[in-house]
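Novice: Would you mind keeping the following structure in view while I ask a few things?
Each reported figure results from applying straightforward, stated rules to the coordinates on display, with no laboratory input. Quick caveat, the model's predicted, so the values are computed rather than measured. Please note: Cβ atoms are built from the backbone with ideal geometry, for glycine as well, and neighbour counts cover all protein chains shown.
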């Protein structure tokens, strides 16, 4: 879903208001971040303080403009501020990532006058990303553990000639058989109705190409000739263009 210019302007105004508050409180200058609208699925937004970028979910934004501005936009900018003024909270003692919604982030949210809840409650029906179909392959050994479900890219590699590209643990170098797409209904096999053989169609009269040759004029423009072929020979515009190039080459 496309974000309108009006809503983008309101997002910018919301962030700029937070910047004014942060500049006064921390006695430093925070720049306006890069804002993109590429986030998909059920996540409302993300922020990366290393690239100073906020990525917002355009569908959830356009369906919940007021709540999104006061909650998610402020939420993500608070992450950027937290990463700058409290860099030590990004890593734990052992180098593992700590909770990004800890006391320092909550303190910034209170500074901006926003809720400290970390999760949103938007309706994500229209923003959910459909799961891609999985292709089911089974090992010739017949064991239940010999079934694997892979995506389209790996499935195409499995179908390619040569040795098996992927296998289940303990089933290396076995023969695998394709079972179809996971969850897909079994195809219905309908009996073929007997029909009388059709006589081959015989062409009567000149072909479209012959008609175009009759109307062709080397002194006329290409556009005029194509329009003439469409009108007089019943060609499509694409077919008329092809015939024009062919006849032009013959002349």
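Novice: Label segment 5-111 by shape, choosing from rounded, prolate and oblate, from the square roots a ≥ b ≥ c of the eigenvalues of the Cα gyration tensor; if a/c is under 1.5 it is rounded, and otherwise prolate applies when a/b is larger than b/c, oblate when it is not.
Specialist: Oblate shape, in that a/c is at least 1.5 and b/c is the bigger or equal ratio.
Novice: Can I ask one more? Roughly how tilted is helix 222-233, in degrees to the nearest 10 and between 0 and 90, from the longest Cα axis of the chain?
Specialist: 60 degrees
Novice: Report, as a whole number in µm² per second, the diffusion coefficient that Stokes-Einstein gives for the chain at 10 °C and 1.306 mPa s using the Kirkwood radius over alpha carbon pairs.
Specialist: D, rounded to a whole number, is 62 µm²/s.
Novice: Rounded to the nearest 500, what is the chain's calculated 222 nm mean residue ellipticity when only DSSP H runs of at least 4 contribute -39500 (n - 2.57) each, over all residues?
Specialist: Here the helix-only value at 222 nm equals -11500 deg cm²/dmol.
Novice: I would also like to ask the following. By its C-alpha gyration tensor, with a ≥ b ≥ c as the square roots of the eigenvalues, how is segment 135-181 shaped: rounded for a/c under 1.5, else prolate for a/b larger than b/c, else oblate?
Specialist: Note, shape of segment 135-181 comes out oblate.
Novice: At a 10 angstrom cut-off on C-beta neighbours, averaged per residue, how do the peptides 167-178, 58-69, 73-84, 223-234 rank from highest to lowest?
Specialist: 73-84, 58-69, 223-234, 167-178
Novice: Something else: I want to make sure I understand the PRE zone here: with the label point 7 angstrom from the Cα of residue 24 toward its beta carbon, which residues in segment 98-142 have backbone N atoms less than 15 Å away?
Specialist: Counting backbone N atoms under 15 Å from the label point, the list is 111-114.
Novice: For the chain, take the longest principal axis of its alpha carbons; what is the angle in degrees between that and the long axis of helix 74-85, to the nearest 10 within 0 to 90?
Specialist: Computed tilt is about 60 degrees.
Novice: Rounded if a/c is under 1.5, else prolate if a/b is larger than b/c, else oblate: which is segment 208-250, with a ≥ b ≥ c the root eigenvalues of its Cα gyration tensor?
Specialist: In terms of gyration-tensor shape, rounded.
Novice: Please compute the modelled spin-label separation between residue 131 and residue 143, points set 7 Å along Cα→Cβ, answer in nm with one decimal.
Specialist: 2.5 nm
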